[in-house]
Amino acid sequence: MRSILIAILAGGVAILSISSCATVPTEPLTSGELRLLSIDVSTLKEDIKENFPFVVNIHFEANGEPEIRTACFSFSGDGPYCYKVTDVDYGSSGTIKVQVLAKRSGSYALQCYVYYIKDAKVYLTDVVGSNIRINP
């Protein structure tokens with residue numbers, strides 16, 4: 001019984017290791033391309049409340065400075081809710097700041113993607129996410 005449990009646990013660890021390495025593309029970016037890396041919430045966890053805006057930092061890498069238009073979010077599949085980008089900091093690892101409004105309290109898998117312009121066409125980035133808790 002114990003050896004079966006160890007085998008199942010080792011298999012789960014191996015699958016998680018492989019899938020975590022495969023989530024971020026490693027190919028070089030083309031000119032004007034944008035790739036999201038991660039998101040985080042700059043507000044203290046206790047201060048994220050329903051019906052009050054909070055700031056989400058979206059970390060990205062880009063080749064050049066593509067025009068970033070809109071960031072869209074879903075809360076555990078509820079959405080997307082799209083917001084105008086309030087601030088973009090281009091750099092070796094850039095940051096997009098967006099004010100987001102959560103309508104209901106609870107724990108959520110917050111996912112995000114961004115619309116940007118490259119060669120006069122609108123493109124969609126990859127999706128990144130984080131777990132958050134919205135307080136009543």
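The values are calculated or read from the model by the stated rules, or taken from the named source; none is laboratory data. These numbers come from a predicted model, not from an experiment. Every residue, glycine as well, gets a Cβ built from its backbone with ideal geometry; the counts of neighbours run over all protein chains shown.
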Those residues of the range 116-132 which are closer than 15 Å to L36 by Cβ and not aromatic (F, W, Y), in sequence order: K118, L124, T125, D126, V127, V128, G129, S130
Filter result for V127 (over 16 Å from V56 (Cα atoms) and of a type outside the set (D, E)): no
Subset of the range 116-136 that is in a strand (DSSP E or B) and among the aliphatic types (A, V, I, L, M) - its residue that is surrounded by the most Cβ atoms within 10 Å (Cβ to Cβ): I132
Failed condition for K49, given (1) exposed (fewer than 15 other Cβ atoms within 10 Å of the Cβ); (2) within 20 Å of N131 (Cβ to Cβ); (3) free of Cβ contacts under 8 Å to residues at least 60 places away in the same chain: (3)
Scope the range 74-89; condition outside any strand (DSSP E or B) and either surrounded by fewer than 18 Cβ atoms within 10 Å (Cβ to Cβ) or modelled with pLDDT of 95 or more (or both); matching residues: S76, G77, T86
Qualifying position, being within 15 Å of S38 (Cα to Cα), surrounded by 15 or more Cβ atoms within 10 Å (Cβ to Cβ) and under 15 Å from the mean Cα position of the chain (by Cα), among Y108, Y113: Y113
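Here is a yes/no grid of residues against (1) assigned to a loop (DSSP other than H, G, I, E, B); (2) of a type in the set (D, E, K, R); (3) at pLDDT 95 or above; (4) farther than 19 Å from L124 by Cβ:
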{"residue": "V56", "(1), (2), (3), (4)": "no, no, no, no"}
{"residue": "E61", "(1), (2), (3), (4)": "no, yes, no, no"}
{"residue": "C72", "(1), (2), (3), (4)": "no, no, yes, no"}
{"residue": "G91", "(1), (2), (3), (4)": "yes, no, no, yes"}
{"residue": "Q99", "(1), (2), (3), (4)": "no, no, no, yes"}
{"residue": "R104", "(1), (2), (3), (4)": "yes, yes, no, yes"}
{"residue": "C112", "(1), (2), (3), (4)": "no, no, yes, no"}
Cross-chain or 6+ apart pairs with Cβ under 9 Å, the range 52-74 first and touching a residue at least 24 places away in the same chain (Cβ under 8 Å) and closer than 21 Å to S42 by Cα, then assigned to a strand (DSSP E or B) and among the acidic types (D, E): V56/D40; N57/D40; I58/D40; H59/D40
